[in-house]
Protein chains: 2
Amino acid sequence: MKSPPPRIVASQSPRPKIDDVAARAGVSIKTVSRVLNDEPNVRAETRARVKEAVAALNYQPDFSARSLAGRRSYMLGLLYDTVSEGYLNKLQRGILETCGELGYHLLVERCDNEDVDAGRRVSGIAARTRVDGFIVTPPLSDNADILAALDAARTPYVLVEPAYTSDATPWVDIDGVAAADMLTTRLIDLGHRRIAFIKGLESHGAALLRFDGFNAALSRAGVEVDPALVKQGDFTFATGLTIGRGLLALAERPTAVFAANDDMAAGVIAAASEVGLQVPTDLSVVGFDDSLAAEIVTPQLTTVRQPIEEMGRAAVAFLVAASRGRLEEGDGAGRHAFEIVVRKSDGPPP
Amino acid sequence: MKSPPPRIVASQSPRPKIDDVAARAGVSIKTVSRVLNDEPNVRAETRARVKEAVAALNYQPDFSARSLAGRRSYMLGLLYDTVSEGYLNKLQRGILETCGELGYHLLVERCDNEDVDAGRRVSGIAARTRVDGFIVTPPLSDNADILAALDAARTPYVLVEPAYTSDATPWVDIDGVAAADMLTTRLIDLGHRRIAFIKGLESHGAALLRFDGFNAALSRAGVEVDPALVKQGDFTFATGLTIGRGLLALAERPTAVFAANDDMAAGVIAAASEVGLQVPTDLSVVGFDDSLAAEIVTPQLTTVRQPIEEMGRAAVAFLVAASRGRLEEGDGAGRHAFEIVVRKSDGPPP
DNA sequence: CGAAGAGACGACAGCGCTGTCAAGTTGTCG
DNA sequence: CGACAACTTGACAGCGCTGTCGTCTCTTCG
């Protein structure tokens, strides 16, 4: 064991406050406040002097004082359920990046979608915490209790991939129906007719949309859906595996499987490998999300990529704009482009 | 497309403040404050009356006011680098769970370990934000600048898996050296002699410890390490794949590969499958972390499981105890038990 | 050149809590 | 039963900012 590197502890000078800056710049604290908040009506020369003082003292405004006195807390809340943890890394990364650029901080809160108290929890957080806005991920973005709590608290929020969008509610998403439709159509074009679908959680609206797209593509192509090939999963690798085994044990098994997310698709691939079926020669498998699992699995998964990071950034941009008075038309929230990522897990039916 | 479910918006009554509670309970606001903070010297009967009023009004203390006036903010900070995102989900889950139980909130902040300004960023966060403590994940937990900033800010913190531990600094970890040693020994016992090691990032102290354990086991067994079999990775699937290809193209290729984390191990498995080698028949592969990748990959990975969630909980418990005056001996922080998870990716050499 | 309007800036009052300290109340013990 | 200690409680002053509003200095234009 080596010894730890030396660590220098700077001697602590008391944290400067706005008064110190004001004194040094020879102005009132209110003027300092104006400069800090980019308010108008400060002479350029004065502004420069204040900025110099801020820099010299390395002054950092106190968030608690700010949010107590003012309306804004410079803090955003992220609400998520364990189910969307696959999402979480990317989304959080995007959010944090933009937060950093804009001087915001992120409060992360996990909510259980099944919890009857979820609404109350959220209103508690909103009330105590004074965040400037919430970013709500699926399936919470479809949870009526939570949305009601948010409305009641009059805190702005952005929904990530809600099942239903309306002009009244800002959101970010992709066209999940179109994406699933497109991927299904690809399978059909490859020649598949017996295509299974593994659904995500019922409560997860975005996953429902994927199923809608799947059905739309099939019916347009005049292919009938065999109910025996539609299964209910819960987004985990484990259910993908279990359901995959079931599907492959069928007398008339599917030639392709569309799973509502990549983890379940990976489970299907594992199931195939258990019974010695080759993917994609004997069975095509596609997923949704382009998560880490899609890359790691052998063969790599054909899937739908959502620009999750970008969506996170957009959500933050929107919320920040909203909290800074008026936002421009179409600023931030809205629909993003998806992409079908073709890899090695699908091909023509055997 | 279906129509959205109806949403009820409760009419908004102004948020109750401590004065309202005081008035209803017929006491001073200070007494309410005492009850809220579980301070002593309040008659049981008075306490009950206050609690009744709090419940009746659904009063929630304001965090900003609290942290401005008092010493505690009831907020913890989580510092992480993108590298540790594999970790992040589990750790964050554990942290959030305990935070919830204790009435704390979590501020998440991403730091780039390579950023020369990381120290300044952290002191900025500490200064502005008044968090009660920080949880620092690798590799930031080995970053001298950040630790210095934390010390200077006099904010308590807990390091997750630091390379060097000292009594002066609270930490949570597992015995990474012992874990790697044990897993390596398993490989040796299976009969392997040519064992490759894929290192993690240099800056990642915990990964260094894993390499130490690897070397310890080999030298104890009298097996010499072939330098050609030690490679530098960066924790990603991609490097695992690349390095795996290189290793397998060697004239005298290894019979086993130990990767410093699961993602890289998954890459090696993918490389093996490319050249038609069977794992574990032709090649054994083991990883570290028991991440999602370990389960998803075929064959499933033999790896080391860290109780990440539990470590997160312990970190929070420690920080909260620390901020509530004195903590008991050995409260929270410390060393946790690891576990070797034997799955299907290793076996005797060919 | 004077009146009106706009731009710059400061004084001051809180935001909603907690810490301090002093006052009032009850209990204890010789 | 009185003196003193221990427990309860409240008044009040901030914590470090921002919002409001008033004052004063420039412009601008008839």
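FYI, it's all coordinate maths here, none of it is from the lab. If you're wondering where the values come from, they're calculated on a predicted model, not measured in any experiment. Quick reminder, even Gly has a Cβ in these numbers, built from the backbone with ideal geometry, and neighbours come from all protein chains shown.
Express as a percent, rounded to the nearest 5, the fraction of DSSP beta bridges in the range B:64-171 (both residues included) that run antiparallel.
Working: 1 of 15 bridges.
Antiparallel bridges: around 5 percent, rounded to the nearest 5.
Where the only charges are on Cβ atoms (+1 Lys, Arg; -1 Asp, Glu), what is the dipole of chain B about its Cα centre, to the nearest 20 debye?
Details: 38 positive and 46 negative charges, 330 e Å.
Roughly 1580 debye, rounded to the nearest 20.
Report the trypsin sites (Lys or Arg not before Pro) located in the range A:59-161 that are in a DSSP loop and have at most 15 other Cβ atoms inside 10 Å of their Cβ, or state none. Present the calculation step by step, with values, prior to reporting the outcome.
Numbers: sites: A:R66, A:R71, A:R72, A:K90, A:R93, A:R110, A:R120, A:R121, A:R128, A:R130, A:R154; in loops: A:R71, A:R72, A:R130, A:R154.
Sites meeting the loop and neighbour criteria: A:R71, A:R154.
Under the definition of partner shielding as Cβ atoms of other protein chains within 10 Å of a residue Cβ, what is the mean value for peptide B:289-298? Numbers along the way, then the final one.
On the way: counts 0, 0, 2, 10, 6, 1, 9, 17, 6, 9.
Mean number of neighbouring Cβ atoms from other chains: 6.
Just tell me how shielded A:149-159 is by partners: mean number of partner chain Cβ atoms within 10 Å of each residue's Cβ, no decimals.
Working: counts 2, 2, 5, 6, 3, 2, 0, 0, 0, 0, 0.
Other-chain Cβ atoms within 10 Å of each residue's Cβ, averaged: 2.
Take A:R15 and A:I29, extend 7 Å from each Cα along the Cα→Cβ direction, and tell me the distance between the two endpoints in nm.
Rounded to a tenth, the inter-label distance reads 1.5 nm.
Who wins for biggest fluctuation among A:I296, A:I195, A:I243 in a Gaussian network model of chain A, springs between alpha carbons below 10 Å?
A:I296
Could you work out the longest stretch of chain A that avoids the GluC sites (Glu not before Pro) located in DSSP loops with at most 16 other Cβ atoms within 10 Å?
A:1-113
Using a/c under 1.5 as the rounded threshold, could you call chain A rounded, prolate or oblate? The axes a ≥ b ≥ c are square roots of the C-alpha gyration tensor eigenvalues, and prolate needs a/b larger than b/c, oblate otherwise.
Working: a/c = 2.79, a/b = 2.24, b/c = 1.24.
Prolate.
Hey, if you put +1 on the Cβ of every Lys and Arg and -1 on every Asp and Glu Cβ in the protein assembly as shown, which of A:A25, A:Y104, A:S284 ends up farthest toward the positive end of that dipole?
Sorting the options by dipole projection puts first A:A25.
With +1 on each Lys and Arg Cβ and -1 on each Asp and Glu Cβ, and nothing else charged, work out how big the dipole of the protein assembly as shown is about its Cα centre, in Debye to the nearest 20. Could you put the intermediate results ahead of the total?
Working: 76 positive and 92 negative charges, 474 e Å.
The dipole of the protein assembly as shown has a size of about 2280 debye.
Let me know the number of lysine pairs in chain A closer than 18 Å at the Cα, not counting same-chain pairs under 8 apart. Walk me through the numbers on the way to the answer.
On the way: A:K17/A:K30; A:K17/A:K51; A:K30/A:K51; A:K199/A:K231.
Close lysine pairs under the 18 Å cut-off: 4.
Label position 7 Å from Cα toward Cβ: report the copy-to-copy distances for B:A55 in nm, one decimal, ordered from shortest.
Here the equivalent label points are 5.8 nm apart from this one.
If one takes the longest principal axis of the Cα atoms in chain A, at what angle in degrees, from 0 to 90 and to the nearest 10, does the Cα axis of helix A:85-102 lie?
30
Below 11 angstrom from the Cβ of A:G246, what's the summed charge of the other residues (Lys, Arg +1; Asp, Glu -1)? Could the numbers behind the result be given before it?
On the way: positive: A:K231, A:R245, A:R253; negative: none.
Result for the local shell: +3.
Provide an ascending nm list, one decimal, of label-point separations from B:P227 to the equivalent residue in each further copy; define each label point as 7 Å from Cα along Cα→Cβ.
Label-point distances to the other copies, shortest first: 6.9 nm.
Relative to the longest principal axis of the C-alpha atoms of chain B, give the angle of the C-alpha long axis of helix B:44-57, reported between 0 and 90° and rounded to the nearest 10°.
Once rounded, one gets 80 degrees.
Only bridges with both residues in the range B:214-350 count here: give the DSSP antiparallel percent, nearest 5.
On the way: 3 of 8 bridges.
Roughly 40 percent of the beta bridges in the range B:214-350 run antiparallel, per DSSP.
Answer with one residue from A:S84, B:P40, B:S166: the one whose Cα lies farthest towards the positive end of the charge dipole of the protein assembly as shown, charges on Cβ with Lys, Arg +1 and Asp, Glu -1.
It is B:P40, whose Cα lies furthest towards the positive end.
How charged is the neighbourhood of B:V172? Take every other residue with its Cβ under 10 Å from the Cβ of B:V172, and add Lys/Arg as +1 and Asp/Glu as -1. Each step should come with its number before you reach the end.
On the way: positive: B:R313, B:R335; negative: B:E161, B:D173, B:E310.
Net charge in that neighbourhood comes out at -1.
Computed FRET efficiency, Cβ-Cβ of A:L250 and A:A178, R0 45 Å: what is it to the nearest 0.05? Before the final figure, lay out each step's value.
Working: r = 30 Å, r/R0 = 0.66.
Efficiency for this residue pair is about 0.95.
Compute the label-point distances linking B:G103 to its equivalents in the other copies; points lie 7 Å from Cα along Cα→Cβ; give nm, one decimal, shortest first.
3.2
Can you pull the Rg over Rh of the range A:257-350, Cα-only, Kirkwood? Working shown, then result.
Working: Rg = 18.1 Å, Rh = 14.9 Å.
Taking Rg over the Kirkwood Rh, I get 1.22.
Can you check what the net charge comes to around B:H336, using other residues whose Cβ is under 12 Å from the Cβ of B:H336 (Lys, Arg +1; Asp, Glu -1)? Please list the in-between numbers first.
Values: positive: B:R305, B:R313, B:R335; negative: B:E161, B:D173, B:D175, B:E309, B:E310, B:E339.
Cβ neighbours under 12 Å give a net charge of -3.
Against the longest principal axis of chain B, how steep is helix B:205-220, in degrees 0 to 90 to the nearest 10, with axes from Cα atoms?
40
Taking the Cα centre of the range B:230-350 as origin, work out the dipole magnitude from +1 charges on Lys and Arg Cβ and -1 charges on Asp and Glu Cβ, in debye rounded to 20. Spell out each step's value before the answer.
Values: 10 positive and 16 negative charges, 22 e Å.
Dipole of the range B:230-350, to the nearest 20 debye: 100 debye.
Looking at the protein assembly as shown only, what percent of DSSP beta bridges run antiparallel? Nearest 5 please.
Values: 11 of 71 bridges.
In the protein assembly as shown, approximately 15 percent of DSSP beta bridges are antiparallel ones.
Under the classification rounded if a/c is under 1.5, otherwise prolate if a/b is larger than b/c and oblate if not, where does the protein assembly as shown fall, given a ≥ b ≥ c as square roots of the Cα gyration tensor eigenvalues?
On the way: a/c = 1.96, a/b = 1.32, b/c = 1.48.
Taking the square roots of the gyration eigenvalues as a ≥ b ≥ c, the protein assembly as shown is oblate.
Let me know the mean shielding of B:105-113 by other chains, meaning the per-residue number of their Cβ atoms within 10 Å of its Cβ. List each step's numbers first, then the result.
Working: counts 9, 6, 6, 9, 5, 8, 2, 0, 0.
What the average comes to for B:105-113 is 5.
Toward the positive end of the charge dipole of the range B:94-164, about the Cα centre and with charges on Cβ (Lys, Arg +1; Asp, Glu -1), which of B:I146, B:V131, B:N113 goes farthest?
B:V131
What FRET efficiency do you get for A:S219 and A:E114 if R0 is 22 Å and r is their Cβ-Cβ distance, rounded to the nearest 0.05?
Details: r = 33 Å, r/R0 = 1.48.
In this case the efficiency is close to 0.10.
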